[in-house]
Amino acid sequence: MSWISLLITFGLVHVAALVAPGPDFALMLRAAVSGGRKYAFALALGLSSAIMLHTLTVTFAADVLQLYLPSLMLVLPWLAASWLGYLGISCLRAPIDTSAPTAASVSQLNLKNGWWTGFATNALNPKAYVYFFSVIAGMLPHQSPLGFKLALIGLFFLLALAWFGFLGWALNINRFRQQLIRRQWLILKFSGVVLLVFAALLLLQGYQRLLA
């Protein structure tokens, strides 16, 4: 298989993983009703930055990660569950305002929450570490040239940014967004429940790993 073909294969696998529903989508949905397009893009950039960090770590330090991954998996589920639980409760307790956010409130949200919320959500996700390690370490030849590794890191980042950026744009199309805002209560509750379900699953995973 040529390097181009391998890069395309990596890209297809990554796209399939990106579009699968998860806490990332719940956050993008929440952003559409509470933050606006700028906040959604900041969130998308944070999620994509964490994906780039995962790819960079596994691509250049797979051996080190393999050494520490078992210990890391004992801690990460608890940290991730705490973070997702906090986000879920925030959604459930969020005040409902059916008016569009002001420019000042959106700017404040961007500065305080956007990038860091996306980055922390993905960076703390233990399943992301397992996924990237399994896919990249399992498919990447040991003698891969530096140029290919850099291209892989750039590809994963750009695909993630394109997907989450598209979600942020699509969910904020004016007519569609007005419908979302009118159903803000339902969307925030739905997002909160989804995040809490993922938090509960991570707590269960953490507990099972302690017993193993």
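Values as computed for the structure displayed
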| read-out | value |
| --- | --- |
| Residue 86-residue 68 pseudo-label distance in nm [points 7 Å out on the Cα-to-Cβ vector] | 2.1 nm |
| Distance between modelled label sites at residue 149 and residue 186, nm, 7 Å Cα→Cβ extension | 5.0 nm |
| For the range 121-212: rounded, prolate or oblate by the Cα gyration tensor [a/c cutoff 1.5] | oblate |
| Distance cut-off 14 Å, percentage of C-alpha pairs in the range 21-101 lying past it | 74 percent |
| Of the DSSP H helices in the chain, those whose Cα atoms cover at least 18 Å axially and whose Kyte score averages -0.5 or more | 3-19, 36-93, 146-170, 184-211 |
| Ellipsoid equivalent to the chain - semi-axes via the Cα gyration tensor, in Å | 32, 22, 13 |
| Most positive-pole-ward Cα, 188, 140, 66, against dipole of the chain from beta carbon charges | 188 |
| Integer Hz, Karplus 6.51/-1.76/1.60 couplings in order for the range 135-145, x for Gly and Pro | 6, 6, 5, x, 10, 7, x, 5, 9, 5, x |
| Count of Lys pairs (Cα-Cα under 27 Å; at least 8 positions apart or interchain) in the chain | 6 |
| Counting all C-alpha pairs of the range 122-165, share separated by more than 14 Å (%) | 61 percent |
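Values quoted throughout were computed directly from the atomic coordinates according to the rules given, and no laboratory measurement underlies them. Since this is a predicted model, take the numbers as computed values, not measurements. Glycine also receives a Cβ, built like all others from the backbone with ideal geometry; neighbour counts cover every protein chain displayed.
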